[in-house]
1. Apply 1/(1 + (r/R0)^6) to the Cβ-Cβ distance of THR79 and ASN101, taking R0 = 30 Å, and write down the FRET efficiency to the nearest 0.05.
2. Could you work out how far apart the two model spin labels at ARG121 and ASP15 are, taking each label as a point 7 Å from the Cα in the direction of the beta carbon, and quote it in nm?
3. Show log10 I(q)/I(0) for the range 67-156 at q = 0.12, 0.19 Å⁻¹, two decimals, from a solvent-free Debye sum over equal Cα scatterers.
4. I want the local charge near ARG121. Using Cβ-Cβ distances under 12 Å, sum +1 for each Lys or Arg and -1 for each Asp or Glu among the other residues.
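Coordinate-derived values only; no laboratory data. Quick caveat: nothing in here was measured; it's all calculated off a predicted structure. Please note: Cβ atoms are built from the backbone with ideal geometry, for glycine as well, and neighbour counts cover all protein chains shown.
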Amino acid sequence: MEESDEKDKGFKVQDKRRFSAEGELKPEHRGQDEARAERGGEAPRPDSSAKPATSASTAAAAAEHSHEDIGPSEINFATFIVGLSTQALLHLGEIPDPTTNNPVRDLTAAQQLIDILGLLRDKTRGNLDRDEAGLLDSILFDLRMKYVEITRNPSR
């Protein structure tokens with residue numbers, strides 16, 4: 001009787017990642033973020049129409065409060081790869097520098113980040129699921145094409 005009970009039990013695998021392999025927030029988590037913002041647990045993401053906080057104490061209180069409901073941000077392979085690719089895009093001048101809000105081009109740094117992503121692809125080959133491998137391959141292809149385009153036409 002015990003063996004049949006154990007066979008019937010089994011286990012359930014549940015994906016708790018908030019973001020898809022493409023880096024988009026999954027639909028089931030969109031409502032949670034809005035509800036958390038309404039409760040005051042997390043400030044809504046700023047948009048161009050939002051007014052800045054009126055005082056430093058208000059901003060500090062909001063920042064302290066925002067970390068109560070959520071744990072540390074989840075880092076997985078996809079978010080790591082997207083982070084590296086974002087840095088490469090910044091160095092390619094495709095994204096403005098967040099400190100100056102102006103594009104800055106550093107092709108040496110961009111090339112190093114692209115090489116790091118290539119190294120990661122080579123060293124993780126066979127250990128990634130299909131989505132992770134596809135994400136890494138497409139990011140590498142796009143970054144390499146942008147790099148070649150910029151080096152061939154530097155005035156761009």
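1. 0.80
2. 2.2 nm
3. Debye curve over Cα of the range 67-156, log10 I(q)/I(0) at q = 0.12, 0.19 Å⁻¹: -0.43, -0.89.
4. -1
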